[in-house]
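Everything on this sheet refers to the single structure shown next.
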Amino acid sequence: MSTSDSELENSDSFLVSQAILGILVSTPAVVANVLLLVTVFRDPNRDQPLWGSPVTLLVVNLAMCDLLSGAIPGYFSLYYDIAIITGQPKEELFGVRTGMIAAGVVTNIVSSCTIAAMSLDRLFAVSSPHQYTARVTKAKIKVFIAVVWIYSLLFSSLGWVGVSVTVVVVLYCHIHVSVPLVILPVVYWKTYRALRLHNNQVRNLADEREKIDVVHRRRERKMVSAFLLVLISFFVTFLPQYIAQNIYLLSPSFAERSSFKFFLYASNKFLFLNCTLNPFIYAWRIPKYKRAFLAVFSCCVCRSRNVVGVA
C-alpha cells in the first residue's frame with residue numbers, strides 16, 4: 001500500500017465518515033429490533049399470541065441477530081474509529097477489532113441459517129398443512145437455534161485454531177451465501193407452486209370449511225412473501241461484502257489499497273440496512289405483527305398519558 005493510501009485510510013476525515021455512517025445505520029437497527037422484540041413478548045392477544053407459534057421463534061432469533069449486529073459490530077466500530085482519531089494505537093485495539101469481526105461473522109452466519117429455516121418452514125406449512133404442527137414444533141426450533149449458534153461460534157474460531165484466512169473466507173462466503181442463493185429460490189418456487197395449486201383446487205368451492213382454508217392460505221401467502229422479502233433483503237445487503245471478500249481472495253495486492261478498504265468498511269455498514277428493514281417487512285406484510293405492534297404501543301401511550309394526567 002502506498003504512503004498516500006495509508007495516510008488516506010488513517011486520516012481523520014476517513015475515520016469520521018466511518019463513525020458517522022456507523023451511527024446512522026446501527027442505531028435504527030437497534031431501535032427497530034428492540035421494538036419488534038417488545039411487540040412479540042408483550043403481545044396482548046392471549047388467544048393466539050405471537051410468541052405461541054414455532055415460526056415466531058425464528059423471527060425472534062433473527063431479530064436478536066439483527067440487534068446484536070447493530071449493537072456490537074456497529075457501536076464497537078464506532079468506538080474503534082473514535083479511538084484511532086484520538087490517537088490510540090491500533091495495537092491496543094486489537095481485541096476490539098477481533099471481537100467486532102467475530103461478532104459480525106457469528107451474527108451473519110446465524111442470520112443466513114435462520115432465513116433458510118424460515119424458508120423451509122413456510123414450505124412445510126404450505127405443502128403439508130395437516131402434518132405441519134407435528135413436523136415443526138417449538139422444541140425442534142429451539143434445538144435448531146441452539147445448534148446454529150454453537151456452529152457459528154465454532155466457525156468464527158477457525159482462524160484461532162490455525163486455519164488460514166483464505167480458507168475461512170472461502171467457506172464463509174460460499175457455505176452461507178452461495179449455497180443458500182442456489183437452493184432457497186427453488187424452495188420458494190415450490191412454496192408458491194403449492195399455494196397456487198391449492199388456490200386452483202378450492203376456487204369453485206363454497207363450503208364453509210373451504211372458506212376458512214382459503215383465508216388461512218391468504219395469511220400463509222402474506223407470510224411467505226414477507227419471508228421472501230427478508231431473504232432478498234439479506235442477499236442484496238450482503239452483496240457488497242460478498243464482492244469485497246472475493247476481491248480479497250482473487251487479488252490480495254488490490255485489497256491493500258485504501259479505496260478497497262473504504263469499500264470493505266462501507267459494505268460492512270451496508271449490512272445494517274437489512275437489520276433495520278426486517279421488522280418493517282413483518283409489519284408491512286404480516287397483519288398480526290402490525291396489529292400486535294399497534295396494540296402494545298397504543299397501550300403504552302395510553303398509560304403514559306394517564307400517568308401525566310394523574311400527576
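The values are calculated or read from the model by the stated rules, or taken from the named source; none is laboratory data. Every value quoted in this text rests on a predicted model; they were computed, and no experiment measured them. Counting neighbours? That spans all protein chains shown, and the Cβs are built from the backbone with ideal geometry, glycine included. Accessible surface areas use protein heavy atoms only, side chains included; no ligands, DNA or RNA. Shrake-Rupley method; radii C 1.70, N 1.55, O 1.52, S 1.80 Å.
Tell me the residue from A102, A134, A117, A146 that is free of Cβ contacts under 8 Å to residues at least 60 places away in the same chain, assigned to a helix (DSSP H, G or I) and under 14 Å from V59 (Cα atoms), please. First the steps, then the outcome.
Details: A102 fails: under 14 Å from V59 (Cα atoms); A134 fails: under 14 Å from V59 (Cα atoms); A146 fails: under 14 Å from V59 (Cα atoms).
Testing whether each residue is free of Cβ contacts under 8 Å to residues at least 60 places away in the same chain, assigned to a helix (DSSP H, G or I) and under 14 Å from V59 (Cα atoms) leaves just A117.
Pick out the one residue from L171, L153, L123, L158 that is within 19 Å of K222 (Cα to Cα) and among the hydrophobic types (A, V, I, L, M, F, W, C). Don't jump to the end; show me each part of the working.
Numbers: L171 fails: within 19 Å of K222 (Cα to Cα); L153 fails: within 19 Å of K222 (Cα to Cα); L158 fails: within 19 Å of K222 (Cα to Cα).
After ruling out the rest, the residue left standing is L123.
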Tally of residues being in contact with an Asp or Glu (Cβ under 9 Å, 6 or more places away or on another chain) and within 30 Å of V186 (Cβ to Cβ) across the stretch 224-274: 3
Selected residue (criterion: farthest from the chain's Cα centre (by Cα)) from residues of the stretch 149-199 that are under 16 Å from I109 (Cβ atoms) and not in a helix (DSSP H, G or I): V163
Breaking point among (1) surrounded by fewer than 13 Cβ atoms within 10 Å (Cβ to Cβ); (2) within 20 Å of the chain's Cα centre (by Cα), for L120: (1)
Matching residues, the stretch 20-32, being out of contact with any Ser or Thr (no Cβ under 8 Å at 6 or more places or on another chain) and of a type outside the set (S, T, Y): I20, L21, I23, L24, V30, V31
Residue list for the stretch 135-148, filter: open to solvent by less than 70 Å² (accessible area, probe 1.4 Å) and within 13 Å of C113 (Cα to Cα): I141, F144, I145, A146, V148
Residue check, D47 in a loop (DSSP other than H, G, I, E, B) and surrounded by fewer than 16 Cβ atoms within 10 Å (Cβ to Cβ): yes
Any chance V34 is farther than 18 Å from L271 by Cα, surrounded by fewer than 20 Cβ atoms within 10 Å (Cβ to Cβ), among the β-branched types (V, I, T) and touching a residue at least 24 places away in the same chain (Cβ under 8 Å): no
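State yes or no: is V126 surrounded by fewer than 18 Cβ atoms within 10 Å (Cβ to Cβ) and β-branched (V, I, T)? Walk me through it before giving the result.
On the way: surrounded by fewer than 18 Cβ atoms within 10 Å (Cβ to Cβ): no; β-branched (V, I, T): yes.
Considered against the rule, which asks whether it is surrounded by fewer than 18 Cβ atoms within 10 Å (Cβ to Cβ) and β-branched (V, I, T), V126 comes out as no.
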Count - residues of the stretch 149-184 that are farther than 25 Å from L250 by Cβ and either touching a residue at least 24 places away in the same chain (Cβ under 8 Å) or open to solvent by less than 70 Å² (accessible area, probe 1.4 Å) (or both): 6
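Anything in the stretch 8-26 that is more than 17 Å from L62 (Cα to Cα), in a helix (DSSP H, G or I) and open to solvent by less than 50 Å² (accessible area, probe 1.4 Å)? List them, or say none. Before you say what the answer is, go through the steps one by one.
Restricting attention to the stretch 8-26, the residues satisfying the condition of being more than 17 Å from L62 (Cα to Cα) are 8-25.
Cutting the leftovers down to in a helix (DSSP H, G or I) gives us 8-9, 12-25.
Answer for the stretch 8-26, where residues must be more than 17 Å from L62 (Cα to Cα), in a helix (DSSP H, G or I) and open to solvent by less than 50 Å² (accessible area, probe 1.4 Å): E9, F14, L15, S17, Q18, A19, G22, V25.
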Failed condition for Y132, given (1) over 22 Å from N274 (Cβ atoms); (2) crowded, with 20+ Cβ neighbours inside 10 Å; (3) not β-branched (V, I, T): (2)
Selection count, the stretch 242-262, where residues are modelled with pLDDT of 85 or more and open to solvent by 10 Å² or more (accessible area, probe 1.4 Å): 5
The stretch 49-61 residues that are of a type in the set (F, W, Y), paired with ones that are buried (at least 16 other Cβ atoms within 10 Å of the Cβ) (beta carbon under 6 Å, 6 or more apart): W51/V40
Some residue of the stretch 38-51 being aliphatic (A, V, I, L, M), at pLDDT 80 or above and closer than 24 Å to N268 by Cα: no
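With respect to G70, is the statement that it is of a type outside the set (F, W, Y), crowded, with 22+ Cβ neighbours inside 10 Å and either outside any helix (DSSP H, G or I) or touching a Ser or Thr at 6+ places or on another chain (Cβ under 7 Å) (or both) true?
yes
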